[in-house]
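Accompanying notes for the structure given below.
The values are calculated or read from the model by the stated rules, or taken from the named source; none is laboratory data. Keep in mind that this is a model prediction, so the values were computed, not measured. Here the Cβ is made from the backbone with ideal geometry for all residues, glycine too, and neighbour counts use every protein chain on show. What goes into the accessible areas is simple: the full protein's heavy atoms, side chains included, and nothing from ligands, DNA or RNA. Shrake-Rupley method; radii C 1.70, N 1.55, O 1.52, S 1.80 Å.
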Amino acid sequence: MFRFRKPSGLRGLGDLVAAGLFACRHGKHLLLLLVGLSAAPLWADDDLRFFETEVRPLLIEHCQRCHGAKKQEAGLRLDSRQGALTGGDQGPAIVPGKPDDSLMIAAVRHTGELEMPPDDKLSEKQVAALVEWVRLGAPWPAEATDEEDRAAAWRLHWAFQPVSAPALPVVEDASWERTPIDRFVLARLEAAGLAPSSPADRRTLIRRVTYDLTGLPPTPEEVEAFVADPAPDAYDRLVERLLASPQYGEQWGRHWLDIARYADSKGYVYAWEERFWVHASAYRDWVVAALNRDLPFDRFLLLQMAADQAAPDDREAAAAMGFLTLGRRFLGVQRDTIDDRIDVVTRGTMGLTVACARCHDHKYDPIPTTDYYSLYGMFANSTERLTPVAEPAVRDEAYAAFERELQTRQQKLDDTTLAKRREAADRVRGRVTDYLVAQTELTKYPEEGFNQILAPTDMIPMFVRRWETWLALDARLHDPVFLPWRKFAALTADEFAARSAALVGELGTPDVNPRVQAALNPPPASMREVAERYGKLLAEVDGQWRTACQAARSSGAAEPVRLELAEAEALRQCLYGADSPC
C-alpha cells in the first residue's frame, strides 16, 4: 500500500509538487522522487476559490494594465502564475510560501525602493489578500483547455448526468427504515457513529408537519384530536388533510414566488409610467392554485414560459406567464430586461447562473455565450400583451356599469394615443433630412435613450434607430428607392470622392426609382449629402401627398389612398407605409 508522507511546513500535495518533492512510503522504505518543476500543482478547492474571488480581480484591476499581455513594464507579466514566478528585470515577483521574500509583496507594501501601484497604494485588505495568496503557495487554476477538451469536460458535468437509481446501502438497523430514503440517511448516521434521534411525540409531530405544509400552527383542537387518535394511519391522514388544504398552496407557492422574483411593482420608473404590475395578483393566484391542484411539474414550468403556445385558448393559463413579465424593467433598457428573464428561467429551472455568459463562456459549466444569445434572440423577438385571464364571478348591474366606464376610458385612451402618435409621426416626416443625416453619425444617439428628457422639437433617438433598422432590412437590398443608399453607404469616406460619379452612372437602370436617380445627379460629395438629397426628395413627395389630401377634404371628395405616379407612390410608402420608420 502507498501512503503520502508530508514533510513539515508543507500544507498538502500541491506544496509537495511545487517544491519538487514527491514522497511515498512502501513498507519501511522511504523513496524520494524528483518531480519536474513544470508539473502542475494540485490546489485545494478553497485555495483556488480564494484566488478567484480575492486575488485575480485585484491583479486585473491594479497590475495587468502594465504587466499583462499587451504591456510588460520591466519585462514582468502578472497574468499567469508562470509569469509571476519567472519575473522580470529584477527577478521573480513571488516566492511561493514566502511573502516576506517576495518582491511583489515588498512593492505593494511600499516598504522599499519599488512602490506599486505607483499612483495609489492598495488598501490594507488588498495587501493582506496578496500576502495570504503567496503564503498559500500562489495557487492559480490551470489555464483553460481548448474547445474540444472543454466540450468533453462539459459532457461529464455532474448536473447533466441522467437520473439513475442507486443501490440501497446496507445498514445495521433495517427496522428503523420506513421509506427507501431512510436507508441513505441511516447509512450516513451509522458511518459517523451516530444513532437516529428518538421519534417525536405526537404534539411535536403535528406542529412540525403543520408548519411545514401550511406555514401555520395547528389549532389546540387539532392537536388534541391527533394526540387522542389511536389509529395506525393517523399520521398519514393528517398529512393528506394538510396537503388538501388551500394553505398548502399558499405556503409552498411562496417559495416558488421567491424564485420567480415575484413583486407587484417594476422598481424605479419614470413619472409617466405606472409602477405597479396590475397582473401580479393573477400570477400569484395561478401559482397557488397550480400547487393545490397538484399540477405536474413539467406542465407547471411549460405554462410559465410558453402558455401562449402550449395553451393558447386557456385564459387562466395565460396568467402563468407572469413568471417572465413580472421582473424589473431597468428604466426601460431592453437588454437588461431580457438578461433578467434569461436569469430567472435558468436559475429558476436549472440552478445555473447563465447570465454570466452574457460576456464570456463559462469556464467550468457547459454554458457558452452562443447559448445565452440564442435565448436572448428568443426573448428579443417576443412581445408583451395584457390578456384577460378570468371571467367575473357575478355579472350584475354594478359590473355592467364598471365595464361601460372602462370602455369609455379605454376609448379615450385609444383616441389620445392615436392623436399623439400622428403628431409624432408628422414631426418625423417633417425632419426626414435630419433623421437620414443622423444615420451618418449614429454614435451621437443611444440605442435606448430612456435616461434622457426630450422635447418634441428634439431629435428622438428611438426614431433614429428605427430608421437605422428600416434601412438595414433585407427588403432594401433591391428596393428601387434605397438601393442607391446602400451602394453609397458601402463606400468609405476616402473612397467616396473617387467612386461617387461612377456609382451614379451605374444607377441609370430600371432597378432604381427615376426620381431618386434625378435627385442624385450631379454626384454627391459625401454620405451626408446623399442623406440630404434623399431628405429633400421625400419632403417634396410628402408635400404632394398633403396637398392632394387637403384638396380632397376641401372639395368634399374621399381622401386619396395613393399618388397617381408609381415612382411617387413608392416614395410616399417610405413615409406612410405600414412598415415605415415614421
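Counting the residues of segment 181-224 that are among the aliphatic types (A, V, I, L, M), closer than 28 Å to P166 by Cα, over 41 Å from the mean Cα position of the chain (by Cα) and in a helix (DSSP H, G or I) gives 4.
Taken together, the criteria place E190 among residues that are acidic (D, E) and over 26 Å from G253 (Cβ atoms). When T387, T433 are checked against the criterion of being assigned to a helix (DSSP H, G or I) and among the hydroxyl-bearing types (S, T, Y), a single residue qualifies: T433.
L168 - would you say it is open to solvent by 60 Å² or more (accessible area, probe 1.4 Å) and hydrophobic (A, V, I, L, M, F, W, C)? Full working, then the answer.
Values: open to solvent by 60 Å² or more (accessible area, probe 1.4 Å): yes; hydrophobic (A, V, I, L, M, F, W, C): yes.
In short, yes.
Residues in segment 302-327 that are in a helix (DSSP H, G or I), open to solvent by 40 Å² or more (accessible area, probe 1.4 Å) and closer than 15 Å to R385 by Cβ: 3 in all. Are any of the residues in segment 99-114 in contact (Cβ under 8 Å) with a residue 40 or more places away in the chain and open to solvent by less than 50 Å² (accessible area, probe 1.4 Å)? No.
Step by step: first the residues of segment 364-394, then only those that are acidic (D, E) and open to solvent by 50 Å² or more (accessible area, probe 1.4 Å), then the one that is nearest to P141 (Cα to Cα). Which residue is that? Give the steps one after another, and end with the answer.
From segment 364-394, those acidic (D, E) are 365, 371, 384, 391; that's our starting set.
Still in the list and also open to solvent by 50 Å² or more (accessible area, probe 1.4 Å): 371, 384, 391.
Details: D371: 25, E384: 44, E391: 59 Å.
The selected residue is D371.
Is it the case that segment 547-567 has a residue that's open to solvent by less than 60 Å² (accessible area, probe 1.4 Å) and either among the aromatic types (F, W, Y) or within 17 Å of R486 (Cβ to Cβ) (or both)? For segment 547-567, residues open to solvent by less than 60 Å² (accessible area, probe 1.4 Å) and either among the aromatic types (F, W, Y) or within 17 Å of R486 (Cβ to Cβ) (or both): absent. With the condition kept exactly as written, say whether any residue in segment 245-266 is touching a strand residue (DSSP E or B) at 6+ places or on another chain (Cβ under 7 Å), in a loop (DSSP other than H, G, I, E, B) and open to solvent by 60 Å² or more (accessible area, probe 1.4 Å). Yes, that holds for at least one residue.
Would you check if T346 is part of a helix (DSSP H, G or I), over 25 Å from L48 (Cβ atoms) and among the polar types (S, T, N, Q)?
Details: part of a helix (DSSP H, G or I): yes; over 25 Å from L48 (Cβ atoms): no; among the polar types (S, T, N, Q): yes.
It is false that T346 is part of a helix (DSSP H, G or I), over 25 Å from L48 (Cβ atoms) and among the polar types (S, T, N, Q).
Only one of the numbered conditions (1) modelled with pLDDT of 95 or more; (2) under 16 Å from S382 (Cβ atoms) is violated by L326, and that is (1). Apart from one condition, S500 fits all of (1) under 14 Å from V432 (Cα atoms); (2) touching a Phe, Trp or Tyr at 6+ places or on another chain (Cβ under 8 Å); (3) in a helix (DSSP H, G or I); the exception is (1).
Within segment 45-94, track down each residue that is surrounded by fewer than 15 Cβ atoms within 10 Å (Cβ to Cβ) and part of a loop (DSSP other than H, G, I, E, B). Once the filter is applied, which keeps residues that are surrounded by fewer than 15 Cβ atoms within 10 Å (Cβ to Cβ) and part of a loop (DSSP other than H, G, I, E, B), segment 45-94 yields R65, A69, K70, K71, S80, D89, Q90. When segment 478-507 is filtered for residues that are touching a Lys or Arg at 6+ places or on another chain (Cβ under 7 Å), of a type in the set (A, V, I, L, M, F, W, C) and under 24 Å from R572 (Cα atoms), only F482 remains. Scanning segment 546-582 for residues that are more than 50 Å from the chain's Cα centre (by Cα), in a loop (DSSP other than H, G, I, E, B) and small (G, A, S) yields G556, A557, A558. All conditions but one from (1) more than 22 Å from R422 (Cα to Cα); (2) surrounded by fewer than 16 Cβ atoms within 10 Å (Cβ to Cβ); (3) of a type in the set (G, A, S); (4) within 44 Å of the chain's Cα centre (by Cα) apply to A531; the one that does not is (2). Of all the criteria given as (1) modelled with pLDDT of 95 or more; (2) in contact with a Leu (Cβ under 9 Å, 6 or more places away or on another chain); (3) surrounded by fewer than 18 Cβ atoms within 10 Å (Cβ to Cβ); (4) not charged (D, E, K, R), the one not satisfied by V278 is (1).
From D361, D414, which residue is outside any helix (DSSP H, G or I) and among the charged types (D, E, K, R)? Break it down into steps so the answer makes sense when it comes.
Values: D414 fails: outside any helix (DSSP H, G or I).
Answer to the check: D361.
Go through the residues of segment 330-347 one by one and say whether even a single one is modelled with pLDDT of 90 or more, more than 12 Å from the chain's Cα centre (by Cα) and of a type outside the set (K, R). No, the conditions are met nowhere in segment 330-347.
For segment 531-545, state whether one or more residues are in contact with a helix residue (DSSP H, G or I) (Cβ under 7 Å, 6 or more places away or on another chain), at pLDDT 90 or above, part of a helix (DSSP H, G or I) and basic (K, R). Scanning segment 531-545, I find at least one residue that is in contact with a helix residue (DSSP H, G or I) (Cβ under 7 Å, 6 or more places away or on another chain), at pLDDT 90 or above, part of a helix (DSSP H, G or I) and basic (K, R), so the answer is yes. Close contacts from segment 126-153, counting a first residue that is farther than 20 Å from G87 by Cα and open to solvent by 30 Å² or more (accessible area, probe 1.4 Å) and a second that is at pLDDT below 85 and not in a helix (DSSP H, G or I), with Cβ to Cβ under 8 Å and a gap of 6+ residues or different chains, come to A144/K363; R150/A144; A151/P366; A153/T145.
There is no residue in segment 189-208 that is among the β-branched types (V, I, T), closer than 30 Å to G351 by Cα and free of Cβ contacts under 8 Å to residues at least 40 places away in the same chain.
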